[in-house]
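Contents: one structure, followed by commentary.
The values are calculated or read from the model by the stated rules, or taken from the named source; none is laboratory data. Please read these numbers as outputs of a predicted model, since none were measured by experiment. A quick note on method: Cβ atoms are made from the backbone with ideal geometry, for glycine too, and the neighbour counts reach across all protein chains shown. Quick note on the areas: whole protein, heavy atoms, side chains included, nothing else; ligands and nucleic acids left out. Shrake-Rupley method; radii C 1.70, N 1.55, O 1.52, S 1.80 Å.
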Amino acid sequence: MKKIIIGAIVFVFCLASFKLFAAESAIPLDKAPVDITDNASLQRGAENFVNYCLTCHGASFMRYNRHRDIGLSNEEILNKLIYTGQKVGGLMESAMRKKEAEEWFGVVPPDLSVIARAKGADWLYSYLRAFYRDEATATGWNNLVFDRAAMPHVLYGLQGEQKLITKTSDKGEQKTLSLEKSGELTSAEYDKFVGDLVNYLVYLGEPHANSRKEIGLMVMAFLFGMLILSYVLKREYWKDIH
């Protein structure tokens with residue numbers, strides 16, 4: 001009986017979590033171009049993260065020197081990723097104080113170490129491309145994926161400014177975005193910029209994923225080999241027994 005009650009509680013919790021996430025993502029999500037074996041993309045994403053995200057958001061579970069795993073030397077890490085005088089072995093912490101962040105934004109910006117695991121790559125990819133102008137909000141921005149997001153559109157200089165277009169049809173209300181003012185990048189370039197950033201955020205959530213998969217494949221190959229040897233040995237021992 002106890003197991004049934006616990007199972008019911010877990011089911012209700014998972015269902016409530018799914019509904020909450022679904023409400024937050026009312027529009028179809030675009031597929032994120034994730035490939036954590038692409039070191040060039042991860043290096044670009046790391047630079048994008050440091051230049052545009054790390055000012056407000058921390059990644060306190062990650063050390064700078066871990067970027068050697070994606071092909072950067074200590075010197076490149078110092079030149080490309082560290083601008084605050086920290087050491088290569090230091091944690092990727094935000095320079096913004098929590099008290100100041102709460103005063104400015106009304107909430108402390110979350111740590112992004114595991115944000116890709118919490119939200120999903122497709123959600124992040126769609127979210128970072130779905131900001132639009134909304135003068136009714138405190139920041140002057142809103143988001144089609146996450147309504148009334150506290151975060152302003154810090155990448156608007158790259159993407160430009162989008163406008164929300166609402167159409168009503170037999171299928172119900174449909175919301176789309178239209179680019180009203182161009183940014184420094186074309187739409188394709190901005191999508192690639194965000195793709196690299198999201199790819200890096202996925203890597204950030206589990207930096208050892210590639211090595212874990214390699215070790216897993218080696219272990220499976222070893223066990224398969226042992227299975228064959230065990231079978232051959234068994235047949236050898238039992239061949240004269242009828």
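Given a cut-off of under 8 Å on Cα pairs at least six residues apart, what relative contact order in percent is computed for the range 89-242? Each step should come with its number before you reach the end.
On the way: 139 pairs, mean separation 30.3, N = 154.
Relative CO of the range 89-242 lands at 20 percent.
How large is the Kirkwood hydrodynamic radius of the range 98-202, in angstrom, based on all distinct alpha carbon pairs? Mind showing how you got there, number by number?
Numbers: mean 1/r = 0.0668 Å⁻¹.
That comes to 15.0 Å for the range 98-202.
Hey, for a label at Ala188 modelled as a point 7 Å past Cα toward Cβ, could you say which residues of the range 127-167 have their backbone N under 13 Å away?
The answer is none.
Could you work out the per residue convex hull volume over the alpha carbons of the chain, in cubic angstrom? Walk me through the numbers before you get to the answer.
Details: hull volume 62.9 nm³, N = 242.
Convex hull of Cα atoms, per residue: 260 Å³.
Take the Cα coordinates of the range 40-115, assign each an equal point scatterer, and use the Debye formula without solvent to give log10 I(q)/I(0) at q = 0.27 Å⁻¹.
-1.35
If contacts are Cα pairs under 8 angstrom and at least 6 residues apart, what is the relative contact order of the range 125-169 in percent?
Details: 45 pairs, mean separation 15.6, N = 45.
The value is 35 percent.
Give, as ranges by residue number, the residues of the range 39-70 whose backbone N falls under 18 Å from the point 7 Å along Cα→Cβ of Leu158.
39-59
Among the complete DSSP H segments of the chain, which ones combine at least 24 Å of alpha-carbon extent along their axis with a mean Kyte-Doolittle hydropathy of -0.5 or more?
TM-like helix candidates: 2-24, 187-205, 209-238.
Write down, largest first, the equivalent ellipsoid semi-axes of the range 182-242 in whole Å, where each equals the square root of 5 times an eigenvalue of the alpha-carbon gyration tensor. Working shown, then result.
Working: eigenvalues 581, 25, 6 Å².
So the three semi-axes of the range 182-242 are 54, 11, 5 Å.
Looking only at Gln162, Gln86, Gln174, which one moves most when the chain is put into a Gaussian network model with springs between Cα atoms under 10 Å?
Checking each option, the largest mean-square fluctuation is seen for Gln174.
Accessible area per residue of the range 33-191 at 1.4 Å probe, in Å²?
Values: 9090 Å² over 159 residues.
That works out to 57 Å² for each residue.
Which of Val108, Leu185, Met220 sits farthest toward the positive end of the charge dipole of the chain, with +1 on the Cβ of Lys and Arg and -1 on the Cβ of Asp and Glu?
Met220
Give a quick list of GluC sites (Glu not before Pro) in the range 152-242 that DSSP marks as loop, anything other than H, G, I, E or B, with at most 16 other Cβ atoms within 10 Å.
Values: sites: Glu161, Glu173, Glu180, Glu184, Glu189, Glu214, Glu236; in loops: Glu184.
Those that pass, being in a loop and sparsely packed, are Glu184.
How large is ³J(HN,Hα) for each residue in the range 61-70, as worked out from phi by the Karplus curve 6.51 cos²θ - 1.76 cosθ + 1.60 (θ = phi - 60°), to whole Hz, x for Gly and Pro?
These are the phi-based 3J(HN,Hα) values: 8, 10, 9, 4, 5, 5, 6, 5, 5, 9 Hz.
Magnitude of the Cβ-charge dipole of the range 46-189, K/R +1 and D/E -1, about the Cα centre, nearest 20 debye?
Using Cβ point charges on Lys, Arg, Asp and Glu, the range 46-189 gives about 300 debye.
Quick one: with all protein chains in place, what share of the accessible area of the chain is carbon or sulfur, to the nearest percent (1.4 Å probe)?
On the way: 9380 of 15790 Å².
Within the chain, the accessible surface is 59 percent carbon and sulfur.
Starting from the coordinates of the alpha-carbon atoms of the range 111-168, obtain the Kirkwood hydrodynamic radius over all distinct pairs and give the value in Å to one decimal. List each step's numbers first, then the result.
Values: mean 1/r = 0.0816 Å⁻¹.
For the range 111-168, the Kirkwood estimate is 12.3 Å.
So if I place +1 on the C-beta of Lys and Arg and -1 on the C-beta of Asp and Glu, and nothing else carries charge, what would the dipole magnitude of the range 44-105 be about its Cα centre? I want it in debye, nearest 20. Kindly include the intermediate steps, with their values, before the conclusion.
Numbers: 9 positive and 8 negative charges, 31 e Å.
Using Cβ point charges on Lys, Arg, Asp and Glu, the range 44-105 gives about 140 debye.
Nothing charged except the Cβ atoms of Lys and Arg (+1) and of Asp and Glu (-1): what's the magnitude of the dipole of the chain about its Cα centre? Round to the nearest 20 debye.
Values: 29 positive and 29 negative charges, 187 e Å.
Result for the chain is approximately 900 debye, rounded to the nearest 20.
Of all the stretches in the chain, which is the longest one without any exposed loop site, taking trypsin sites (Lys or Arg not before Pro) in a DSSP loop (any state but H, G, I, E, B) with at most 13 other Cβ atoms within 10 Å? Don't jump to the answer; show the numbers that get you there.
On the way: sites that count: Lys31, Lys87, Arg97, Arg148, Lys171, Lys239.
Formally, the longest exposed-site-free interval is 172-238.
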